[in-house]
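The values are calculated or read from the model by the stated rules, or taken from the named source; none is laboratory data. In this text the structure is predicted, and so the values were computed from the model without any measurement. So basically every Cβ, Gly included, is an ideal-geometry build from the backbone, and we count neighbours across all protein chains shown. With ligands, DNA and RNA removed, areas are computed over all heavy atoms of the protein, side chains included. Shrake-Rupley method; radii C 1.70, N 1.55, O 1.52, S 1.80 Å.
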Amino acid sequence: MHDKSDKPDKYKDSEADIEIDIVDQESEYKEWLSFADMDLNCARYLNEAPMHPRPLNAICFHCQQAAEKALKAIIVYYGSRGGMAKKHELPFLFNQIKNQVYDDKHIMVTDELKDMGATLTKYAVDLRYPNEIVIEEHNVDKALKDSESIVDWAKEVLAAPSVDMGDKTKG
């Protein structure tokens, strides 16, 4: 998002400014979703690629990144109070969605989603360092499934009929 203070005074607090913010916000959340899809596609590609040894760590890392970016798309879309968290902990992002994203939207964050996020979170940082975590085939299968579930859930939230960018200009 751009900083409104950088605009000339004639554009501050005008209806046009609200429209620009909505367009920028919509473009930004779509970009987050696009990045989530790219990470998920990378994970799938690496999972199916004829590589030996298979890059299990990279697959799980991209799964975590896909889920994180999908959650951040929701946060950007709804304009979370306090701005975008520079965190990789998916349970934290789920809590931000539940507690800080427009309360009137009643976004359902289940314990199952939080558990999936907790499992994926360890792949955000720990995998970047040798010997921090050992990944096996069953971890990859679960990471792919959990990541797909979270990305699909985020897309459902963003496609819900109650989602209306125009609502944010009121009040």
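Count of the range 74-106 residues, restricted to those that are in a helix (DSSP H, G or I) and modelled with pLDDT of 80 or more, is 14. Residues of the range 27-67 that are open to solvent by 60 Å² or more (accessible area, probe 1.4 Å), within 22 Å of LEU158 (Cα to Cα) and at pLDDT below 95: SER27, LYS30, GLU31, TRP32.
Picking from residues in the range 142-162 that are of a type in the set (Ser, Thr, Tyr) and closer than 16 Å to THR121 by Cβ, the one that is surrounded by the most Cβ atoms within 10 Å (Cβ to Cβ) is SER147.
Can you confirm whether ALA70 is out of contact with any strand residue (DSSP E or B) (no Cβ under 8 Å at 6 or more places or on another chain) and modelled with pLDDT under 95?
no
Do the conditions hold for VAL125, that is, is it free of Cβ contacts under 8 Å to residues at least 40 places away in the same chain, farther than 21 Å from TYR45 by Cβ and either touching a helix residue (DSSP H, G or I) at 6+ places or on another chain (Cβ under 7 Å) or part of a helix (DSSP H, G or I) (or both)? Yes.
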